[in-house]
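First up is the structure itself, then whatever we jot down about it.
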Amino acid sequence: MKITVVQSLSMKILAKLGFSVGEAELITKNLLAAELVEKRSHGLVRLLSVAKLVESGALSTQARELTWHKKLPTAWQLDGAFRPGFVGMYQSLEQAIPQAQQVGLLAVTVQNMEYASGYIGDYARLAAEANLIFLGFHNSPGHLVPFGTSKGIWGTNPLTIGVPTHREPVILDMASSQITFGELLVARSLGRQLPEGVALDATGQATTDPDAAIKSGGLLPFASHKGSGLAFLVELLAGGLSHSRVGGRVAGGWGSFYLLINPSIFRDLEEFKDEVQRAIDELHQAPKAAGFTEVFFPGELAARKRKHNLERGAIEVDEKLWRSLEKMGG
């Protein structure tokens, strides 16, 4: 499907739901960014859940101005005004990137976002392409089941890190759960079952039914207690530090906390990139395990897919999902 056609339909759907042109552009930008790297769990399928939230009244389409509560030289706090997370993240980054380039280090919190922050890897890419290191912590609706419990109370809380290079940036973008909430949405929308051992139902029993996991169950953390520990810390930093929601006990919107670091405050930027490149070369040249002909650094395969899809001007879209989207935009 041509990118321009997908972009046009997304804008049409969001306008029909009542979003302003500006917000629709930012939401579409993030959904397409995910589709370009073929992370479909964070792409067009999200339009289905956004529509349901709007129709239920859980998400307002009334655009409200985002306001800065704090703007110290190295610490900023933005009130997301209960707008979709895509809006607060892109708008904060637009101002934060040049500030971090100037002062060297900037900590930013975005509070009171409604709905999730979207495909966070794109925010890390934008920062890294501006020669900044990005460290991001973002919480989201509670679907992760903490280790040793039987109910989802935290988000699938991703940790995202971006590092500039001479070529494509290094980007680690990982959820605390075995599969992302977006993958859960994809399985439900396409009528697929979940893999074994990744989700629980309302009774705390293992399930492969995405509906059962979404309604009252939850997703299991990766690596048991390790993923659970990461999710908890992201919940505290993203929610607690930004004065946003934390678990089920602290009310509010969703929050993000990210750091932008200019490597040049510690050393020459080009020298730093040279060392990153040497580390990449060492990884690429390492002996390959059985069955492997190529090894990628974090974000490399995604960058390759993004470049390929941009060059051909098209992305793959599931036929069933596309029919649903066309119906929404009709």
**OP:** Kindly indicate whether Glu35 is charged (D, E, K, R), free of Cβ contacts under 8 Å to residues at least 60 places away in the same chain and not assigned by TED's automatic domain parsing to the domain that holds Phe82.
**Re:** no
**OP:** Give region 1-49 a look and list any residue that's more than 17 Å from Asp318 (Cβ to Cβ) and within 15 Å of the chain's Cα centre (by Cα), or say none.
**Re:** Leu26, Ile27, Thr28, Lys29, Asn30, Ala33
**OP:** Within region 152-164, identify whether any single residue is within 26 Å of Leu47 (Cβ to Cβ), hydrophobic (A, V, I, L, M, F, W, C) and not assigned by TED's automatic domain parsing to the domain that holds Val108, and answer yes or no.
**Re:** no
**OP:** Please determine, by comparing only the residues of region 202-218 that are under 16 Å from Thr156 (Cα atoms) and touching a helix residue (DSSP H, G or I) at 6+ places or on another chain (Cβ under 7 Å), which one is surrounded by the fewest Cβ atoms within 10 Å (Cβ to Cβ).
**Re:** Ile214
Original post:
From the list Leu321, Leu269, Leu241, which residue is touching a helix residue (DSSP H, G or I) at 6+ places or on another chain (Cβ under 9 Å), in contact (Cβ under 8 Å) with a residue 40 or more places away in the chain and more than 25 Å from Pro169 (Cα to Cα)?
Top reply: Leu321
Original post:
Only one of (1) at pLDDT 95 or above; (2) touching a Leu at 6+ places or on another chain (Cβ under 8 Å); (3) of a type in the set (S, T, N, Q) is not met by Thr156, so which one is it?
Top reply: (1)
Original post:
Would a scan of region 155-174 turn up a residue that is over 30 Å from Ile280 (Cα atoms) and in a loop (DSSP other than H, G, I, E, B)?
Top reply: yes
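The values are calculated or read from the model by the stated rules, or taken from the named source; none is laboratory data. Model, not experiment: these values are computed from the prediction. For neighbour counting, all protein chains shown are included, and Cβ atoms are generated from backbone atoms with ideal geometry for every residue, glycine included.
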